[in-house]
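Scroll down for the structure; my scribbles are underneath it.
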Amino acid sequence: MDSARQHSPFKQGTPSGPLAKVVAFLLSATFLVMAFMFSLVALAVVAVVGVVLGGWLWWKTRALRKQMKEMREAAQQMGDGGPMPNDQVIEGEFIREVPPAQRLR
């Protein structure tokens with residue numbers, strides 16, 4: 001086993017000569033640039049797919065939005081007592097204080 005390690009064509013560690021170090025640096029820089037370019041392309045593809053799917057969903061739901069608008073207008077004309085678009089709805093809490101004589105025991 002020891003003799004196989006000594007005769008291996010690949011050495012462990014940093015490159016020995018200056019030319020090997022330059023080549024290693026250039027290969028590393030090329031790899032980083034390519035990875036960055038790939039991430040930009042992947043991001044652009046995801047953005048385009050998102051916009052296309054959003055447009056498709058908007059197009060497919062247009063009939064439903066039209067129907068909801070007609071129902072809202074019909075309800076406003078009938079005066080069903082529901083909130084109108086110009087009505088103000090305020091949500092909140094309250095505490096009811098009961099005099100001691102009326103409290104449940």
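Within segment 68-95, the set of residues being modelled with pLDDT of 80 or more and not in a helix (DSSP H, G or I) comprises 91, 92, 93, 95. Return only the number of the condition from (1) at pLDDT 80 or above; (2) among the small types (Gly, Ala, Ser); (3) out of contact with any Gly (no Cβ under 9 Å at 6 or more places or on another chain) that residue 8 does not satisfy. All conditions are met except number (1). Restricting the first member to segment 59-82 and to residues that are on the phi < 0 side of the Ramachandran plot, and the second to residues that are at pLDDT below 90 and hydrophobic (A, V, I, L, M, F, W, C), the beta-carbon pairs closer than 7 Å and six or more apart or on different chains are 76/84; 82/75. When the criteria are applied in full, residue 42 fails the requirement of being modelled with pLDDT under 95 and part of a helix (DSSP H, G or I).
The values are calculated or read from the model by the stated rules, or taken from the named source; none is laboratory data. Being a predicted model, the structure only gives us computed values, none of them experimental. FYI the Cβ positions are ideal-geometry reconstructions off the backbone, even for glycines, and counts take in every protein chain you see.
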